[in-house]
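Since every read-out is calculated from the coordinates, none of them should be taken as a lab result. Bear in mind the structure is a predicted one, so any value in this text is a computation, not a measurement. Cβ sites come from the backbone with ideal geometry, for glycine too, and all protein chains shown count toward neighbours.
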Amino acid sequence: MYQNWEELEKSIINCNKCKLCRGRTNIVFGTGNKDAELMFIGEGPGADEDRQGEPFVGRAGKLMNMAFDIVGIKREEVYIANIVKCRPPKNRNPEKDEAQACINYLRNQVVLVNPKVIVLLGSVALKNILGEEYQITKARGNWVEKKKILYMPTWHPAALLRDESKKIDFIKDLKQVVEKLQKI
Ligand code: URA
Ligand code: SF4
């Protein structure tokens, strides 16, 4: 565990701890406010993110930004990262060994940011952070407290692109997050 961002960022530069290193253009480390009270965890970079080196800048990201606007979350005030930092080929889900190889970077990011609330975007984030026994269809919208951090599992924004009805849930879940942060 690194005690500062500089060392952590330096440690990942040439990472080849898993096979995803072969296909990447950029490592997508994370972005935003390093002192954020609110953090978002996605799955892994897509093509746009791989090209630009920043999480959630493609179609799913633009939809997430729109949802942020609706509930009053400012993107620059939160911290955003993914389970894996390199793009899985053809946007497939990260495999177990890849997530395991990468997750210590994310754990270190969580320790350094020290957020009060973490939003878990989709099944991959949910299972890798809270445990394989969780299912997104049942867990979404419900708070889970673990080691003094409050977790809100919700749909992955890419799922909203496939199923319009999930947008209402997503907004509802983010509203719960905003209300919670006003209370704590
Ligand atoms: N999907 C993710 O899970 N993360 C991104 O950064 C972009 C799309
Ligand atoms: Fe390293 Fe993570 Fe990229 Fe794998 S996905 S090569 S563990 S930075």
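According to the Cα gyration tensor, what semi-axes, each the square root of 5 times an eigenvalue, does the equivalent ellipsoid of segment 1-77 have, listed from largest to smallest in whole Å? Let's see the in-between values first.
Details: eigenvalues 117, 64, 14 Å².
Largest first, segment 1-77 gives 24, 18, 8 Å.
With 10 angstrom as the radius, rank Lys183, Lys138 by how many other C-beta atoms surround their C-beta, starting from the fewest. Can you show the working numbers first?
On the way: Lys183 5, Lys138 9.
So the residues, fewest neighbours to most, are Lys183, Lys138.
With contributions of -39500 (n - 2.57) from each DSSP H run of at least four residues, the per-residue ellipticity at 222 nm computed over the chain stands at -13000 deg cm²/dmol. Residues considered: Lys62, Lys116, Lys146. Largest GNM mean-square fluctuation over the chain, using C-alpha springs under 10 Å, is found at Lys146.
Within straight-line reach of Lys166, meaning a Cα separation under 23 Å, sit the following lysines at least 8 residues removed in sequence or on another chain: Lys62, Lys74, Lys127, Lys138, Lys175, Lys180. So for segment 45-173, considering every pair of alpha-carbon atoms, how many percent are separated by more than 26 Å? Looking at segment 45-173, the distances longer than 26 Å represent 16 percent of pairs. Between segment 42-61 and segment 79-110, what's the alpha-carbon centroid distance in Å? Result: 12 Å between the Cα centres. For segment 42-57, the Karplus equation 6.51 cos²θ - 1.76 cosθ + 1.60, evaluated at θ = phi - 60°, returns couplings of x, 9, x, x, x, 4, 5, 5, 4, 5, 9, x, 10, x, 6, 10 Hz by residue, with Gly and Pro reported as x. Once the Cα atoms are used to define both axes, helix 166-183 deviates from the longest principal axis of the chain by about 80 degrees. Between Glu164, Glu95, Glu37, the Gaussian network model of the chain with springs among Cα atoms under 10 angstrom shows the greatest mean-square fluctuation at Glu164.
At a 10 Å Cβ-Cβ cut-off, how would you order Met64, Met1, fewest neighbours first? Mind showing how you got there, number by number?
Numbers: Met64 25, Met1 9.
Starting with the residue having the fewest Cβ neighbours, the order is Met1, Met64.
Among Leu120, Leu150, which comes first, then next, by fewest other beta-carbon atoms within 10 Å?
Sorted ascending by nearby Cβ count, the order is Leu150, Leu120.
Full extension of the chain segment joining Asn26 with Lys180 gains 52.0 nm, where the gain is 0.36 nm per residue of separation less the Cα-Cα distance.
The residue list Val110, Leu120, Ile80 was ranked by how far each Cα lies along the charge dipole of segment 5-183 toward its positive end, using unit charges on Cβ atoms, and Leu120 comes out on top.
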